[in-house]
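Q: Dumping the structure here so I can ask a few things about it.
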Amino acid sequence: MPTPGGTVLPRKGGGRRTIEADQIEGINQKRAVASGKIVMTQDNMTLLADRIDYERDTDTVNASGNIRMDRDGDIVTGKSMVLALDADTGFVDSPIFMFGKSPLRPTQRYEVFGEATRMDFEGPNKERLFATTYTTCRPGENEWVLKVGELGLDRTTNIGTGYNAYVEFKGIPIMYAPFMTFPLNNERRSGFMPPSFGSSSKSGGEFAIPYYWNIAPDTDATITPKIFTRRGIQLGTELRYLRPTAFGQLDAEFLPNDRKADKNRLLLSIRHFHNLSDLIGRGWSGTVNAQKVSDDDYFRELSTRISNTTQTNLPRDIALNYASDFGHFNLRKLSFQTLQDPLAPIVTPYKLQPQLTFNARPARLQGIEFNTVGEYSDFRHPTLVNGERLLFYPSAAYPITRPFGFITPKIGYHITRYQLTKNETGFEGGNRALPIMSVDSGLAFERPIRLFDQSITQTLEPRLFYLYVPYRNQSKLPQFSTSETDFNFAQIFNENLFVGGDRISDAKQLTAAVTTRFIEDASGIERLRAALGQRYYFRNQQVALSDTARGITSPSNPTTPAPIASRSDLLFAVSGQMSDAWSLDSSFQYSTSGSRFQRSNIGARYNADAGRLINFSYRYTREDLKQIDISTQWPFGRAAPGWTLLARANHSLKDKRLLEGLLGVEYNQGCWELRMVAHRFTTATNQYSNSIQLQLELKGLSKLGINPFETIKQNIAGYRRSDDR
């Protein structure tokens, strides 16, 4: 007899399985038949149909008429279906499907839509489709479609496999493959990656087909054959590894018989870090950083990144390190390959064969902080004076800190000894010993105020730093590794004008500075910070390569050192998050004797929301530098929905030339995205590199072309991809 209404179907594996229909027959027999507005549920699956035949022995349903199956965010509709319920095997004829994002598949990024002549179920989260279309575009908006004779989807391993497949973009076939595999998410797997193509003024057209090799969960490699139309075929390899105690990367590029340069071109690079705690003891580690290229022009001619083309000294550095709460130790061997620009040659740095440094910081004793810096360096150079330098600098400081301020007296004794060899320059060895005394102090005041209808805490933080170092004539000592520091707020409270150890500036001076901050109480955001600082000299400094580091400018000639000066130039800085959209970062050096600015750096950013960004900076150094740098990421808006302008211009006003420029567009349709940029930058004196980078991303399937993301990110600070907004 017919049984109307819903009821429970038997289930061998346990769990609840119910069926509701206008009519159900044979519910307790081997074969049950339901008809009329059927709703069948089991676990996370719901099946709708006009008719269902259920075979109890095989646990199989045969459904027909207006079929719809909802499961884990997936929807499949069709004309007829056979499904073994618990085994999840069977098929559906003429399916239309939507594979949705589900918490059970957290790595699946996009919804997938399509249809086929037949879909086979081959187990949980495994389907095989025949004569199918596959896209992540919304129904009715199939701007790209993968058409496959046979398509296997394993959403447990997130791998898709296709046979006799081709891709249509806007109705035009753009790629064909008799066999293909592709990831259903961003997880890595072995296989050929999408081809990349582009163009540069140095090498002509570029075409590459990378092969990704997932060697192990902690090791992978990318092997990239690349064709340069003007040069030949290059083979590149990148090997990466990440172990519990070590990580690193090896890179190699080889271009045999470069047709344009008429020589072989080679790059080798290794970066390695190794935690040696298990081998030597806790706190020990080793590092290797080495690079080599075949010739001076390698980066200028074969790289499309300004960060590479501006490299001049490639390190070959191997080091043994130790670090603990009480200090650190470093033993290294360092040399360089110097890449020369014929129009602007430079001197190769010294080799360190080897260098040993340590910094010991024992625990405080009666409130006194002891610190000892030591160094032994053996400097080697083919044409300059060679020698050994031994440095020892013990010091003691007694910091006194209170909520309203601090004072830190400090005393130290700096000892240096030289032993010179291959000395044909008149330098002398010997010793240098200098006491160094300083007192650093500061106060902190704050008060509540109202500003622009906001509760603000304003601080006032004056600081005084007194330094005394007696004069020692150091003109006969070599300069192995010494350079002057810049005169700015980061340096103004330092003990020495120099870095490197070969020169110690004499000093009898007082540095005075004051900082005020405006902090929004509700959010803690620093809306404004302003700082003013100046150094006062009680005697003329004699140890200096120039007056630049002292911040002293001759009023008559800005390039001529002032013989005697009682004070430095004035430093002034303003920064802060002025509003939710505007931020400011600026600094100035003003010559009070010459009544003019010696240096100015002004930076501002407008970032109202993700994707709307303007960066502006102006850099000025009297007689040397005058640059303006503007970059933006800005949507076209209603005039062209989905389109975003990408642009940057870094222009030298002094030389009247573009140092680096970028112009491009980005279009996000939803299921696909296009990025195209033209990039120009200087590679050497009076030389430029021009390149065009184009990428079409079919989301959920593949990326075609050269990814310009790194180029955009390096040129537009704060840039965010549209999918990350």
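Q: Please name all residue pairs, on different chains or six or more residues apart, with Cβ atoms under 6 Å, provided the first residue is in region 582-610 and is in a loop (DSSP other than H, G, I, E, B) and the second residue is at pLDDT 90 or above and among the aliphatic types (A, V, I, L, M).
A: Sorted first by the residue in region 582-610, then by its partner, the pairs are Thr592/Leu570.
Q: For the condition outside the structural domain of Asp120 (by TED's automatic domain parsing), of a type outside the set (Lys, Arg) and out of contact with any Ser or Thr (no Cβ under 9 Å at 6 or more places or on another chain), what is the one hit in Phe197, Phe192?
A: Answer to the check: Phe197.
Q: So which strands (runs of 3 or more DSSP E) stay within region 63-163 end to end and still have 3 or more residues that are farther than 30 Å from Ala32 by Cα and within 35 Å of the chain's Cα centre (by Cα)?
A: It comes to 144-154.
Q: Residues in region 226-236: is at least one of a type in the set (S, T, N, Q), under 28 Å from Gln687 (Cβ atoms) and assigned to a loop (DSSP other than H, G, I, E, B)?
A: There is at least one residue in region 226-236 that is of a type in the set (S, T, N, Q), under 28 Å from Gln687 (Cβ atoms) and assigned to a loop (DSSP other than H, G, I, E, B).
Q: Does region 180-190 contain at least one residue that is in a strand (DSSP E or B), polar (S, T, N, Q) and within 23 Å of Phe709 (Cβ to Cβ)?
A: no
Q: Can you give me the number of residues within region 453-467 that are of a type outside the set (D, E, K, R) and either outside the structural domain of Leu570 (by TED's automatic domain parsing) or surrounded by fewer than 18 Cβ atoms within 10 Å (Cβ to Cβ) (or both)?
A: 8
Q: So, one more: Exactly one condition in (1) in the same structural domain as Phe487 (by TED's automatic domain parsing); (2) of a type outside the set (S, T, N, Q); (3) within 30 Å of Glu697 (Cα to Cα) is not met by Gly594; state its number.
A: Unmet condition: (3).
Q: So Val499 clears everything in (1) of a type in the set (A, V, I, L, M, F, W, C); (2) surrounded by 18 or more Cβ atoms within 10 Å (Cβ to Cβ); (3) modelled with pLDDT under 95 except one condition, right? Which one?
A: Single failed check for Val499: (2).
Q: In addition: Look through region 257-308, keep the residues that are among the aliphatic types (A, V, I, L, M) and assigned to a loop (DSSP other than H, G, I, E, B), and return whichever of them is nearest to Gln340 (Cα to Cα).
A: Ala261
Q: From the residues in region 263-282 that are farther than 30 Å from Arg231 by Cα, in contact with a strand residue (DSSP E or B) (Cβ under 9 Å, 6 or more places away or on another chain) and of a type in the set (A, V, I, L, M, F, W, C), which one is surrounded by the most Cβ atoms within 10 Å (Cβ to Cβ)?
A: If we take residues in region 263-282 being farther than 30 Å from Arg231 by Cα, in contact with a strand residue (DSSP E or B) (Cβ under 9 Å, 6 or more places away or on another chain) and of a type in the set (A, V, I, L, M, F, W, C), then Leu276 is surrounded by the most Cβ atoms within 10 Å (Cβ to Cβ).
Q: Counting only residues that are among the β-branched types (Val, Ile, Thr) and surrounded by 14 or more Cβ atoms within 10 Å (Cβ to Cβ), how many does region 180-223 have?
A: 4
Q: Given the conditions (1) touching a residue at least 24 places away in the same chain (Cβ under 8 Å); (2) over 15 Å from Ala512 (Cα atoms); (3) out of contact with any Ser or Thr (no Cβ under 6 Å at 6 or more places or on another chain), which single one is not true for Arg432?
A: Failed condition: (3).
Q: Between Ala363, Ala344, which is under 30 Å from Gln311 (Cα atoms), of a type outside the set (Val, Ile, Thr) and either modelled with pLDDT under 95 or more than 35 Å from the chain's Cα centre (by Cα) (or both)?
A: Just a single option satisfies the conditions, and that option is Ala344.
Q: I'd like the full set of residues that are closer than 15 Å to Arg605 by Cβ and not aromatic (Phe, Trp, Tyr), limited to region 616-627.
A: Scanning region 616-627 gives a single hit, Ser617.
Q: Checking the conditions here, which among Pro399, Pro435 is surrounded by 14 or more Cβ atoms within 10 Å (Cβ to Cβ), farther than 30 Å from Leu384 by Cβ and at pLDDT 95 or above?
A: Testing whether each residue is surrounded by 14 or more Cβ atoms within 10 Å (Cβ to Cβ), farther than 30 Å from Leu384 by Cβ and at pLDDT 95 or above leaves just Pro399.
Q: Limited to region 647-693, what total is found for residues that are of a type in the set (A, V, I, L, M) and modelled with pLDDT under 90?
A: Result for region 647-693: 2.
Q: Identify all residues within region 653-709 that are surrounded by 19 or more Cβ atoms within 10 Å (Cβ to Cβ) and either aromatic (Phe, Trp, Tyr) or not in a strand (DSSP E or B) (or both); write none if there are none.
A: Within region 653-709, Cys671, Trp672, Phe681, Lys699, Gly700, Leu701, Ile706, Pro708 meet the criteria.
Q: Determine whether Ala84 is buried (at least 18 other Cβ atoms within 10 Å of the Cβ) and touching a Gly at 6+ places or on another chain (Cβ under 9 Å).
A: Spelling it out, it is not the case that Ala84 is buried (at least 18 other Cβ atoms within 10 Å of the Cβ) and touching a Gly at 6+ places or on another chain (Cβ under 9 Å).
Q: Out of everything in region 617-636 that is among the charged types (D, E, K, R) and exposed (fewer than 15 other Cβ atoms within 10 Å of the Cβ), what residue ends up being nearest to the chain's Cα centre (by Cα)?
A: So the residue we want is Asp624.
Q: Here's a follow-up. What is the residue count in region 43-71 for residues that are over 21 Å from Pro95 (Cα atoms) and surrounded by 18 or more Cβ atoms within 10 Å (Cβ to Cβ)?
A: Here the count works out to 1.
Q: Here's a follow-up. Among the residues of region 141-163, what is the count of those that are of a type in the set (Phe, Trp, Tyr) and surrounded by 16 or more Cβ atoms within 10 Å (Cβ to Cβ)?
A: Matching residues across region 141-163 total 1.
Q: Sticking with this one: Return a yes/no flag: does region 378-385 have any residue that is outside any loop (DSSP other than H, G, I, E, B), within 22 Å of Ala531 (Cα to Cα) and under 38 Å from the mean Cα position of the chain (by Cα).
A: No, region 378-385 has no match at all.
Q: Could you say which residue among Gln479, Gln509, Gln454, Gln474 is over 35 Å from the mean Cα position of the chain (by Cα) and modelled with pLDDT of 95 or more?
A: Gln509
The values are calculated or read from the model by the stated rules, or taken from the named source; none is laboratory data. Predicted model only: the values in this text are computed from it and were never measured. Positions of Cβ are generated from backbone atoms using ideal geometry, with glycine treated the same way; all protein chains shown enter the neighbour counts.
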